[in-house]
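Please treat every number below as a calculation from the coordinates, not as lab data. Note that this is a predicted model, so its numbers are computed, not measured. Glycine gets a Cβ as well: all are built from the backbone with ideal geometry, and neighbour counts include every protein chain shown.
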Amino acid sequence: MTALTDFLLIWAAVYGATVLGYFGLGLALDRLNRRHPERRIQPKRRGEDRARIEIVQSLKSLVVTCGCLAGGLWAQAYGFTLWSPLALNWWSAIGMFLVSILLFDAWFYWGHRLMHWRPLYRHHLWHHRSVAPTVWSNYSDSLADAFAMQSYYLIAPMLLPIPAAVLIAHRVYDHVNGMIGHSGFEYFADRSTRFPSPFVCTTFHDQHHERFGTNYANFFSAWDRICGTLAPDYDEKVRRFEKPDPLRSPAE
C-alpha cells in the first residue's frame, strides 16, 4: 500500500502543479495576445471560440500526461530502472537535459507521424479540431493521443540515468514551449528560428495545425528538414514576422 500511496501522491502533485501552470501561463499569454492582434498567425481564424471545449478536454487529458511523469518518477524512486540516476551536478544536469531534449524531439516527431497514420489518426483527430490553435489547445488531446506522445516521461527514466530534477525541468520546458507553440501569435521569429538554425518559433507548429501534413517535430526543425515534411514556406513566413520586438516600447 505504501508504494501505491506514494504513486498517487506524486500523481496528484504533478497534476496540481501542471494545472496551475496551464492556467497561469495561459492567462498571461492570452492577455499579451489581446494587446497585439497584429501578431496573429492566422488572421482569418479565431481559435478562441473553442477555448471552453479545449480547457475541459485538457483537464481530462492532463490526467494521462501527468500520470506518465508521475509513473516515471515513481519507478525511478523505487529502483525499477536499468540505471541509477546520476548524481545531480552541473555536468549531469546540463548533459542529461540536452540528451533528453534531443531524444524527446525524435520521439515526438516519429510518434506524431505515426498518429497521423490513417488507422491511428482517429485518436489524434481531436487535437486537430483546433485548426487555429490557442494557448488552451496544447493539452486538448484524446486520452490515447496523450499517452502516445507523453509516455516518453514514463519510459525515459527507466532507460536513462536522468536525475529526477532534470526530468522535471524537461517537462516544465516542454510545458512552456508547448503552450507558446500553440498560442497562435508570433513573438519569437528571427534568424535563429529559420534555416540554417534548427530552432523553431510559434509559426512552426501553427502551420502543422493549419495544414496537418507538415512540421511534425517539437523543439527543432531538423527531422522535418531531413525527412522532407517541413512546410515549404516556413522559412519565408518566419522572415515576414521578423520585426522589431513588439514587447518593447518605441523609447527602448
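Here are the numbers for this structure:
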{"read-out": "Whole-number percent relative contact order across segment 160-209, with pairs defined as alpha carbons under 8 Å at least 6 apart", "value": "31"}
{"read-out": "Segment 81-149 - percent relative contact order, Cα under 8 Å, separation 6 or more", "value": "27"}
{"read-out": "Proxy reagent accessibility, fewest Cβ within 10 Å first, across Lys60, Lys44", "value": "Lys44, Lys60"}
{"read-out": "Shape call, segment 37-91: gyration tensor on alpha carbons, a/c limit 1.5", "value": "oblate"}
{"read-out": "The chain: C-alpha gyration tensor shape, a/c 1.5 cut-off, then a/b vs b/c", "value": "prolate"}
{"read-out": "Taking Val135, Val19 and counting other C-beta atoms within 10 Å, the order from fewest to most", "value": "Val19, Val135"}
{"read-out": "R0 of 45 Å, Cβ-Cβ distance Ala75-Ile226: FRET efficiency to nearest 0.05", "value": "0.90"}
{"read-out": "Rounded Å value of the spacing that divides the Cα centres of segment 179-219 and segment 70-136", "value": "18"}
{"read-out": "Segment 2-241: relative contact order in percent, alpha carbon pairs under 8 Å with at least 6 residues between", "value": "25"}
{"read-out": "Inter-probe distance in nm under a simple model that places probes 7 Å from Cα toward Cβ, at Phe212 and Leu102", "value": "3.5"}
{"read-out": "Shape category assigned to segment 179-226 from the gyration tensor of Cα positions, a/c cut at 1.5", "value": "oblate"}
{"read-out": "Residues in segment 29-58 reached by a label modelled at Val131 [backbone nitrogen below 19 Å; 7 Å Cα→Cβ]", "value": "40-54"}
{"read-out": "Taking Tyr139, Tyr234, Tyr187, Tyr121 and counting other C-beta atoms within 10 Å, the order from fewest to most", "value": "Tyr121, Tyr187, Tyr234, Tyr139"}
{"read-out": "Span-rule helices in the chain, defined as complete DSSP H runs reaching 18 Å or more along the axis (Cα) with Kyte mean at least -1.0", "value": "2-35, 51-77, 90-115, 164-181"}
